[in-house]
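Worksheet: one structure, shown below.
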Number of protein chains: 2
Amino acid sequence: MIALVMTIASLRLDAFLPYRLSFTTNLVSDAVASAYEEAFGLRIPEWRVVAVVAEHPDGVTQQAIGLKTRMDKVTVSRAASALIDRDLLQRTPNPADQRSHLLMLSTAGTALYRAIVPQALALEEQIFGSFTQAERAQLVAMLRRIDAIVLARTVQAADA
Amino acid sequence: MIALVMTIASLRLDAFLPYRLSFTTNLVSDAVASAYEEAFGLRIPEWRVVAVVAEHPDGVTQQAIGLKTRMDKVTVSRAASALIDRDLLQRTPNPADQRSHLLMLSTAGTALYRAIVPQALALEEQIFGSFTQAERAQLVAMLRRIDAIVLARTVQAADA
DNA sequence: CTATATTGGTTGCATATGAAACTATAGGAG
DNA sequence: CTCCTATAGTTTCATATGCAACCAATATAG
């Protein structure tokens with residue numbers, strides 16, 4: 001006698017990778033966001049702009065920031081103007097293109113950045129402290145693999 | 001002669017784990033969200049509610065859904081009413097507590113769910129197809145470790 | 001039993017986010 | 001050059017999200 005087993009395709013949300021990813025990220029982002037907000041009055045997009053600008057001592061355009069972080073140009077624009085209003089960021093003319101400016105940290109912005117970095121690293125340590133360096137590298141590698149796949153998929157979709 | 005090396009704490013946003021996590025999740029969530037939206041007219045919170053309800057054939061309360069998914073009760077409430085408006089979800093009285101209802105899928109809701117699951121799995125396959133089962137398990141395990149740590153941290157903070 | 005505190009869920013409001021329209025500058029094509 | 005198209009950035013508007021206030025039902029203290 002033959003046993004015919006009908007399997008209905010099934011899914012446990014709890015084990016569904018996009019869900020798990022989102023679940024964890026929300027937890028982490030909330031923790032990070034409230035830490036920055038509380039300690040420095042920065043929102044996440046602002047912190048990101050500060051970080052990217054800090055990594056480009058010769059100045060970056062908003063467009064470059066948006067490209068790198070995949071933040072919407074509106075988000076970058078608002079984060080930048082908030083930072084400029086607080087004198088943490090400076091605009092200097094971009095000799096190569098007058099539509100844009102080069103953003104650099106002001107003295108105050110540099111000081112703020114120097115103050116944030118240790119706290120950011122400490123927070124990362126609090127969360128990932130139990131991960132070995134190998135595990136962290138593994139996690140980052142997997143995330144980057146996913147990035148590459150989804151980005152390729154998106155480009156494909158845009159072509160079609 | 002002693003070389004004194006001053007190291008300023010430094011951080012590359014690109015290698016900062018909370019950032020990487022958020023970056024990847026945004027990519028994946030956008031892809032998933034547009035797939036569901038396009039194919040079924042569901043937003044992510046709605047899809048999650050459908051999925052959780054499907055896993056509880058005897059009914060679940062909104063509160064239980066919120067607890068499990070960590071979605072805000074407002075988000076759950078709105079997702080549920082949208083689904084009820086579309087006759088995908090039914091409310092039945094909760095004998096144990098008259099403030100809440102037990103949510104179950106309607107016939108149409110069950111049919112929708114059966115149609116979504118294969119697509120959701122296919123999408124997961126598109127994104128994670130190059131991951132072995134071991135790698136997927138590893139990724140999920142890491143994410144759950146992070147969840148546990150952040151949740152513990154949050155509870156601690158609430159106590160303090 | 002009442003009176004009070006708590007909890008499930010909804011509604012209202014305030015904020016965050018992104019798409020689309022717009023402005024100003026750049027970069028060709030003729 | 002002049003015209004046309006494309007791009008950097010801002011503004012406007014529509015939508016998503018979550019906190020706070022609220023209502024109704026429940027649990028607890030006296």
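No value in this document is a laboratory result; all are computed from the given coordinates. Predicted, not measured: the structure shown is a model, and the values here were computed from it. With ideal geometry, Cβ positions are generated from the backbone for all residues, glycine too; neighbour counts draw on all protein chains shown.
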Across peptide A:137-146, how many C-beta atoms of other chains are within 10 Å of each residue C-beta, on average? 6
For B:L89, residues with placed amide H under 5 Å, excluding near neighbours: B:I84, B:S106
Which shape class applies to chain A: rounded if a/c is under 1.5, otherwise prolate when a/b exceeds b/c and oblate if not, where a ≥ b ≥ c are the square roots of the Cα gyration tensor eigenvalues? prolate
Computed [θ] at 222 nm, helices only, for chain A once each DSSP H run of length n ≥ 4 contributes -39500 (n - 2.57): -22000 deg cm²/dmol
Ranked list, fewest to most other Cβ atoms within 10 Å of each Cβ, for B:T132, B:T25: B:T132, B:T25
Using the basic label-point model (7 angstrom from Cα toward the beta carbon), what is the A:Q126 to B:S100 distance in nanometres? 3.1
Quick one: which residues, 5+ away or cross-chain, put their amide H under 5 Å from the amide H of A:V60? H built at 1.01 Å from N. A:L103
Inter-copy label distances at A:R91, 7 Å along the Cα→beta-carbon direction, one decimal in nm, shortest first? 5.1
Sites B:A134 and B:T92 - FRET efficiency at Förster radius 41 Å, r taken between beta-carbons, to 0.05: 0.45
Please average, across the residues of B:121-131, the number of beta carbons from any other chain that are within 10 Å of each residue's own beta carbon, and give a whole number. 4
Output the peptides A:71-77, B:148-154 sorted from most to least packed, where packing is the average of other Cβ atoms within 10 Å over each peptide's residues. A:71-77, B:148-154
Normalised convex hull volume, the protein assembly as shown, alpha-carbon set, Å³ per residue: 229
Going by C-beta contacts inside 10 Å, put A:S130, A:S100 in order with the fewest on the left. A:S130, A:S100
Tell me which A residue has its C-beta closest to the axis rotating A onto B, and the distance in Å? A:T25, 2
Net lengthening on full extension, B:S34/B:Q63 (0.36 nm per residue, minus Cα-Cα): 7.8 nm
So what are the ³J(HN,Hα) numbers for region B:104-115, from phi and the Karplus equation (6.51, -1.76, 1.60; θ = phi - 60°), rounded to whole Hz, Gly and Pro as x? 9, 6, 6, 4, 4, x, 5, 4, 4, 4, 4, 6
For the residues B:E135, B:E46, what sequence is obtained by ranking on other C-beta atoms within 10 Å, fewest first? B:E135, B:E46
Just checking the output field for A:33-40: average partner chain Cβ neighbours within 10 Å of each residue's Cβ? 1
In sequence order, what are the phi-derived ³J(HN,Hα) couplings for region B:37-48 according to the Karplus relation 6.51 cos²θ - 1.76 cosθ + 1.60 with θ = phi - 60°, rounded to whole Hz, with x for glycine and proline? 4, 5, 7, 10, x, 10, 8, 4, x, 5, 4, 5
Measuring nothing but label to label, 7 Å from Cα along Cα→Cβ, what are B:R70's distances to the other copies in nm, shortest first? 2.0
HN-Hα J couplings of region B:13-23 from phi, Karplus 6.51/-1.76/1.60, θ = phi - 60°, integer Hz, Gly and Pro as x? 3, 4, 10, 7, 4, x, 5, 4, 4, 5, 4
